[in-house]
Amino acid sequence: MGKPQYITLNFIMYAKVIVDIAHSRVDRIFEYSCPDSLAAGSRVKVPFGGRTVDGFVIGVSRASSYPAEKLRPVSAVFDEAPAILPECLELTGLISRRYRVPQAAALRLFLPSEMRQGKVHEAYKKFAVFVTDEIKLPASAKKQSAALGYLKEVGECELAPLCEKFGRGAINSLSDKGAVEIQARKITRNPFGGLSGGGEKKTLTPAQLSALESIESSDKQIHLIHGVTGSGKTEIYLNVIDGQLRRGKTAIFLVPEISLTPQMLSQLRSRFGGAAAILHSGLSAGERFDEWWRLRSGEAKIAIGARSAVFAPLENIGAIIIDEEHDSSYISESAPRYSTFEIAEMRARYNGAKLVLGSATPSVETYVRAKDGELGLITLTERINGNPMPEIIISDMRKEVRRGNNTGFSLALREELDKTLSDGNQAIIYLNRRGYSRTVLCRDCGYVAKCENCDVTLTYHSEDNCLKCHYCGAKYRMLTACPDCGGRHVLYNGTGTQRVVADLKSLFPSARILRMDNDTVSGKDGHYKILKKFAERQADILVGTQMIAKGHDFPSVTLVGILDADMSLHFSDYRSGERTFQLITQVAGRSGRAGDKGKVVLQTYSPENYILRYAASYDYNGFFGNEIALRKATGFPPYSLICRVMVTSEDGDAALQTLKSVFFAVEDLRKAAPGEFIFLNKMHSPIKKIQGKIRYQVLMRLQSKAMLEKIYDIAVANSSGDCLVYVEENPVNLS
């Protein structure tokens, strides 16, 4: 599997092929002659123009639209079995039409990129196997004799270390004499191979049993589990999967963060053993290839992973779980710009599967659907162990400043940290800003250091003593003087996770501190290593960004400190209140999950804000009632659709001309159907440049999806090699 097999059979059938070129000019079916053994879903090489390219067979027939003599044959076939399932071929068409992307771009979603590019194949290792010692060896062949004696004792051994021990010449001689057989064996690259499960199947509480019964017996296909943090949602998920596996079906389990996959994989392996396979971008190419094929071959029945795992090559799916369904990471921000929920809904509908969503803080749009009866709604109001939700203490940082406290820690947080450490418990400090300080500015003239490629401020990182751009990754030397006025009064403004760690070390010198953000995690197990250390009590305090905010279960954590809790409240986004409520509730839920009661110190400069008050009392229904009334009054989703047409180009003039063309075309739509448009305007994007590309946008609010297809048509018509134009629906990031 994975290597092209060149064909010598008679060509008696005709293959309908999509070439693996994601461009609208070749987004159509091409026909080739092929052998009758070829099946839809196969990957092939085909002649195309003056070269040979990869392609996907989407159908095979005995009839062709063209004379047989005009058709060229398929050059080669990859894989022993079709890589793409019939369901996935059908989904390709739906995705291509829904998100207006070439079919090749949609097909690529169903294959690991390295596999599609032919950069990874099955892995083999060579073993030396003892056959017989009934051969004559000269007295001088001491290494051969020693190697044969060793192999006789162990039976077989991996070839590489054996050759290192006794010499390749000795092993080759034994092989030539028939005393040893060299065998090549396929191996499976197993990510997180040392990961073990966490125990036996748990007895469900009455609330969990009721939830499980509701999902199993209801005629509704989609269910939302709205349960407080620690209410046992995961155990319900596992039981749903267990029931489907017993019926001979398969399952997909989605989590929002790569950091959560090892923890969830551990639970799945403890319950289902090798039936669980992991899929996410953090794996090595070989590991992802092998896990993908385990799912495709049917060896593995459960796919666990982040967003892309929704495309897992599973047949006969019985359940799809989307944990933390509210999380914005489930929306793809690169082409194809798909919604994971929409894809999951398509797959659930195709397979007649249950789609289960779970969250302590469901998105407003999802909760409206559940309240209206479109989804099955299951509510869990208590933690599984009966423990109360942690007390949230709101700390007014304005008073701290008036007291002369210029540190990032309020008196309440310092006192609670001291008590937590004295009691031998652990704490989590949350700040959604990495680096040492947010900005570097000149106190003399007000200059702020910005990235040359992006219209964003640079962040100072003390460990590397450099300035970094968090959008394009560019690094700059630290300023010793202002480039504008030459002044040397350079000031660090704002606080990042590096600075928090430095300050904590100063306040609590004996505390062991770990930091978890994009600068400290690398590789597939970067998240896992940090979380494992913290779980094993090798650290007292974990400082991190939002990757520590959800899903993690640390029994010894009794304190959570939330710094700059109201930071996200001031973003120019209609969802800023919702996201603030969700983040506070999620990170607060990491505290007090076991025996001792938890506490949360929420630091803010806006203590009177109603969002923070709802979060402090865990009042989701109060928050939702206020938020939905506000959305209805102002005409924001779910009572409208926000649509943004983005125009990006390295050429500013080309971008501006394209923006005008797009806007005038949309303006014509508005004139023809004024009732469909609530708002329409053109402007620079809030961040005017990213990675050297100028960014403009046409922003609109629509009454419904009636205009979407025509807006997509306008975007496609105006997109070119010099200027990229694309559509975003209810974009998760309006920057």
Worksheet item: Using the C-alpha gyration tensor of region 504-548, what are the square roots of 5 times its eigenvalues, in whole angstrom, with the largest one first?
Response: 19, 12, 8
Worksheet item: So what is Rg over Rh here for region 637-731, counting just Cα atoms and using Kirkwood for Rh?
Response: 0.96
Worksheet item: Kirkwood hydrodynamic radius (Cα pairs, Å) of the chain?
Response: 29.2 Å
Response to the item:
Cα-based Rg/(2.2 N^0.38 Å) for region 528-597, rounded to two decimals, is 1.22
Practice prompt. Tell me, for the chain, which Cys residues have no other cysteine's C-beta sitting closer than 4.7 Å.
Written response: Cys34, Cys88, Cys157, Cys163, Cys466, Cys472, Cys643, Cys723
Worksheet item: Which translational diffusion coefficient, to the nearest whole µm²/s, is obtained for region 113-223 from the Stokes-Einstein equation, given a Kirkwood hydrodynamic radius over C-alpha pairs, 25 °C and 0.890 mPa s?
Response: 129 µm²/s
Worksheet item: How high is the FRET efficiency between Glu452 and Asn681 when r is their beta carbon distance and R₀ equals 30 Å, given to the nearest 0.05?
Response: 0.55
Worksheet item: So what's the gap between the Cα centers of region 430-487 and region 711-727, to the nearest angstrom?
Response: 34 Å
Response to the item:
Any aspartates and glutamates whose Cα falls less than 19 Å from that of Lys705, other than same-chain ones fewer than 8 residues away, would be Glu342, Glu345, Glu365, Glu374, Glu667, Asp668, Glu676, Asp713, Glu728, Glu729
Item to complete: Provide Rg and Dmax in Å for region 292-408, with only Cα atoms included in the calculation.
Response: 20.4, 66
Worksheet entry | Inter-label distance, nm, simple model (7 Å from Cα along the C-beta direction), Gln657/Glu382 | 6.9 nm
Worksheet item: Stretched out fully, how many nm does the piece from His489 to Ala502 gain, at 0.36 nm a residue minus the Cα gap?
Response: 2.5 nm
Practice prompt. Mind scanning Lys126/Lys165; Lys301/Lys533; Lys660/Lys710; Lys419/Lys529 and naming the pairs with a C-alpha gap bigger than 19 Å?
Written response: Lys301/Lys533; Lys419/Lys529
Worksheet item: What is the gain in length, in nm to one decimal, between Leu708 and Glu69 on full extension, counting 0.36 nm per residue of separation less the C-alpha to C-alpha distance?
Response: 225.7 nm
Practice prompt. Calculate the length of the line joining the C-alpha centroid of region 604-683 to that of region 233-263, in whole Å.
Written response: 34 Å
Worksheet entry | Whole-angstrom Cα spans of region 121-186 along principal axes, big to small | 43, 20, 20
Response to the item:
Quick calc: nm separation of the 7 Å Cα→Cβ label points for Lys177 and Tyr639 -> 9.0 nm
Practice prompt. Report, as a whole number in µm² per second, the diffusion coefficient that Stokes-Einstein gives for region 414-571 at 20 °C and 1.002 mPa s using the Kirkwood radius over alpha carbon pairs.
Written response: 126 µm²/s
Response to the item:
Quick numbers on region 556-711, Rg and Dmax over C-alpha atoms in Å, give 20.7, 64
Worksheet item: In square angstrom, what is the accessible area per residue of region 303-354 with a 1.4 angstrom probe?
Response: 28 Å²
Worksheet item: Within the chain, what is the longest stretch that has no GluC sites (Glu not before Pro) placed in a DSSP loop and near at most 16 other beta-carbon atoms within 10 Å?
Response: 201-298
Discussion item. Below 8 Å between Cα atoms, with a sequence gap of 6+, how large is the relative contact order for the chain in percent?
Written reply: 9 percent
Worksheet item: Ranked from the most accessible area to the least, with a 1.4 Å probe and all protein chains present, what is the order of Leu212, Leu724?
Response: Leu724, Leu212
Response to the item:
Once phi for every residue in region 439-447 is put through the Karplus expression 6.51 cos²θ - 1.76 cosθ + 1.60 (θ = phi - 60°), the whole-Hz ³J(HN,Hα) values, with Gly and Pro written as x, are 9, 10, 9, 8, 6, 7, 10, x, 4
Worksheet, complete the sentence: Taking the alpha-carbon centre of each part, the distance from region 541-575 to region 58-78 in Å is 57 Å
Fill in: Accessible surface of Asp464 - all protein chains present, 1.4 Å probe, nearest 10 Å²
80 Å²
Item to complete: Mind pulling up the Rg/Rh value for region 172-283? Radius of gyration and Kirkwood radius, both on Cα.
Response: 1.19
Item to complete: Return the carbon/sulfur percentage of the accessible area of region 438-546, one whole number, probe 1.4 Å, all protein chains in place.
Response: 43 percent
Discussion item. Using the basic label-point model (7 angstrom from Cα toward the beta carbon), what is the Ser422 to Glu80 distance in nanometres?
Written reply: 6.7 nm
Discussion item. Can you compute the FRET efficiency between Glu213 and Ala123 using 1/(1 + (r/R0)^6), with r the Cβ-Cβ distance and R0 = 45 Å? Round to the nearest 0.05.
Written reply: 0.50
Practice prompt. Mind pulling up the Rg/Rh value for region 8-99? Radius of gyration and Kirkwood radius, both on Cα.
Written response: 0.95
Worksheet entry | Area accessible to solvent at Leu94, 1.4 Å probe radius, in Å² | 70 Å²
Worksheet item: For the chain, what is the calculated [θ] at 222 nm in deg cm²/dmol (nearest 500), taking -39500 (n - 2.57) for each run of four or more DSSP H residues and dividing by its residue count?
Response: -9500 deg cm²/dmol
Practice prompt. Multiply the residue gap between Asp464 and Asp668 by 0.36 nm, knock off their C-alpha separation, and tell me the result in nm, one decimal place.
Written response: 68.2 nm
Response to the item:
Row for region 207-359, column shape: gyration tensor on C-alpha, a ≥ b ≥ c, rounded if a/c < 1.5 i.e. under 1.5, prolate if a/b over b/c, else oblate; value rounded
Practice prompt. Please figure out what share of the DSSP beta bridges in the chain is antiparallel and state it in percent, rounded to the nearest 5.
Written response: 60 percent
Worksheet item: Taking the Cα atoms of region 599-683 alone, what are Rg (to one decimal) and Dmax (as a whole number) in Å?
Response: 20.1, 57
Worksheet item: What is the list of residues in region 272-304 whose amide nitrogen lies under 17 Å from a point 7 angstrom out from the Cα of Asp242, following Cα to Cβ?
Response: 272-276, 302
Item to complete: Over the Cα atoms of region 390-493, compute the convex hull volume and normalise it per residue, giving Å³.
Response: 160 Å³
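The values are calculated or read from the model by the stated rules, or taken from the named source; none is laboratory data. Just so it is clear, the model here is predicted, and its values are computed rather than measured. Backbone-built Cβ (ideal geometry, glycine too); neighbour counts: all protein chains shown. Just the protein is used for accessible areas: all its heavy atoms, side chains included, with ligands, DNA and RNA removed. Shrake-Rupley method; radii C 1.70, N 1.55, O 1.52, S 1.80 Å.
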